[in-house]
Protein chains: 2
Amino acid sequence: MDYFEPFNSYIELEKMKLDPEGKLIIRRLSDVVDIFQDKKTAKEISLKENPIIYKVYNVQIPEENGHLQHCISIVFPGRIGNEYYMTKGHFHKIKGTSEIYLTLKGRGKLVMQTPDQKSKVLEMKEGSISYIPPYWAHRTVNIGDEPLIFFGVYRGDAGHNYGIIEKKEFVKLIVERNGQINVIDNPNY
Amino acid sequence: MDYFEPFNSYIELEKMKLDPEGKLIIRRLSDVVDIFQDKKTAKEISLKENPIIYKVYNVQIPEENGHLQHCISIVFPGRIGNEYYMTKGHFHKIKGTSEIYLTLKGRGKLVMQTPDQKSKVLEMKEGSISYIPPYWAHRTVNIGDEPLIFFGVYRGDAGHNYGIIEKKEFVKLIVERNGQINVIDNPNY
């Protein structure tokens, strides 16, 4: 039998890199203008500085049930209007699959919701292990002043489904008001 | 639909604890005398100090395909004769499932083998992410002077199968000789 060979990747936290880097996805503001409530400001900034909002280093693994995908994600600090930088967020294509995030650095919020729009928000900080059970869509938001770096694991064949998230965003939004971090209702729902 | 609720666990590296601690497994030498080549010495020490060889904090998750088990393991430093402290090691009950280790602290060797006794040994050190693909039995060995602490993730229903490992141990042994760390052939094979 031909066995898939074990191997190591190495996180270099200070350099914010994975070695080997695998498949690197870089999302600049121009790629994710629509995830922000203030799309006008997002658009303007995307035409000037166009900052990197987040990066994901994906280790390359077969997309099969017995395998485990894993990645290092980096969400940079910043805001568009009063909304913090964040990932697009998604359900899994195979909805009944889960995901785990181990936070290595920074401070964040993990925003989740079910297909029937039940919501849950967890803290992310160094040493937090967040369990995202089957069926929950998930997004990460950087609420700190430094990059939010976390390790993620999910089933090999889980896939991504942007679905309703792409149309209406999440039920809950994470915004700054008077120097405070607030979880508010999304007016789109 | 009833959804399993998301939740956090927190690693406290300095205290070597998980909070909440989940299901804690403590393996003292008396529990694992037979994994060492020098069983006579192991037995003697187990009747005196009986040190803890390793601990595993298991987060409690349904044992189902869509879920992901996760745990924090701590292998303490030490040797029995010239053999370093290590875990029992196992295949998964569902053999075609994988596992991932992210090393948080310490230095180790990850010893693996296939059912047809092909062997592979990877380094473990802070920031190493080791991918244990489907079918590979796996054991961790502490080759350093401090606890080896790592985060593990595997499919909810993967299970454990000690099988041939319990009878013959692994094809490769990790031993100290003249202050050096050596990977040697197991005479049982």
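The values are calculated or read from the model by the stated rules, or taken from the named source; none is laboratory data. Everything numeric here is computed off the predicted structure, so don't read it as measured data. Positions of Cβ are generated from backbone atoms using ideal geometry, with glycine treated the same way; all protein chains shown enter the neighbour counts. Heads up: the accessible areas ignore ligands, DNA and RNA and are worked out on the full protein's heavy atoms, side chains in. Shrake-Rupley method; radii C 1.70, N 1.55, O 1.52, S 1.80 Å.
Of the numbered criteria (1) among the basic types (Lys, Arg); (2) closer than 20 Å to residue B:161 by Cα; (3) in a loop (DSSP other than H, G, I, E, B), the one residue B:27 fails is (3). Condition check: of a type in the set (A, V, I, L, M), facing chain A (nearest Cβ under 9 Å) and either within 24 Å of residue B:93 (Cβ to Cβ) or over 15 Å from the mean Cα position of the chain (by Cα) (or both). Does residue B:1 satisfy that? Yes; evaluated as a whole, the condition is true for this residue. With the structure loaded, tell me whether residue B:29 is among the aliphatic types (A, V, I, L, M) and farther than 25 Å from residue B:182 by Cα or whether it fails that test. Taking the combined requirement at face value, the residue does not satisfy it. Consider the range A:34-65 and keep the residues that are under 26 Å from residue A:156 (Cα atoms) and more than 11 Å from chain B (Cβ to nearest Cβ). The one that is surrounded by the most Cβ atoms within 10 Å (Cβ to Cβ) is A:53.
For residue A:103, the conditions (1) open to solvent by less than 50 Å² (accessible area, probe 1.4 Å); (2) out of contact with any Asp or Glu (no Cβ under 7 Å at 6 or more places or on another chain) are fulfilled apart from (2). Taken over the range B:77-96, the criterion of being surrounded by fewer than 18 Cβ atoms within 10 Å (Cβ to Cβ) and either more than 20 Å from residue B:162 (Cα to Cα) or within 12 Å of chain A (Cβ to nearest Cβ) (or both) is satisfied by B:77, B:78, B:79, B:81, B:82, B:94, B:95, B:96. Annotation note: Cβ proximity below 7 Å between a residue of the range B:150-166 that is within 14 Å of another protein chain (Cβ to nearest Cβ) and a residue that is among the basic types (Lys, Arg) and open to solvent by 20 Å² or more (accessible area, probe 1.4 Å) (sequence gap 6+ or interchain) occurs for B:155/A:155; B:158/B:93; B:159/B:93. Filtering the range B:32-86 to residues that are assigned to a loop (DSSP other than H, G, I, E, B) and basic (Lys, Arg) leaves only B:48. The set of residues from the range A:120-173 being modelled with pLDDT of 95 or more and of a type in the set (Ser, Thr, Tyr) comprises A:128, A:130, A:131, A:135, A:140, A:154.
Taken over the range A:106-119, the residue count meeting the criterion of being in contact with an Asp or Glu (Cβ under 8 Å, 6 or more places away or on another chain) and among the hydrophobic types (A, V, I, L, M, F, W, C) is 1.
Picking from residues in the range B:97-121 that are among the aliphatic types (A, V, I, L, M) and touching a Lys or Arg at 6+ places or on another chain (Cβ under 7 Å), the one that is nearest to the other protein chains (Cβ to nearest Cβ) is B:112. Filtering the range A:8-33 to residues that are within 12 Å of another protein chain (Cβ to nearest Cβ) and loosely packed, with under 15 Cβ neighbours inside 10 Å leaves A:12, A:13, A:14, A:15, A:19, A:20. For residue A:139, the test of being open to solvent by less than 10 Å² (accessible area, probe 1.4 Å) and either closer than 12 Å to residue A:99 by Cα or at the interface with another protein chain (Cβ under 7 Å from one of its Cβ atoms) (or both) is passed.
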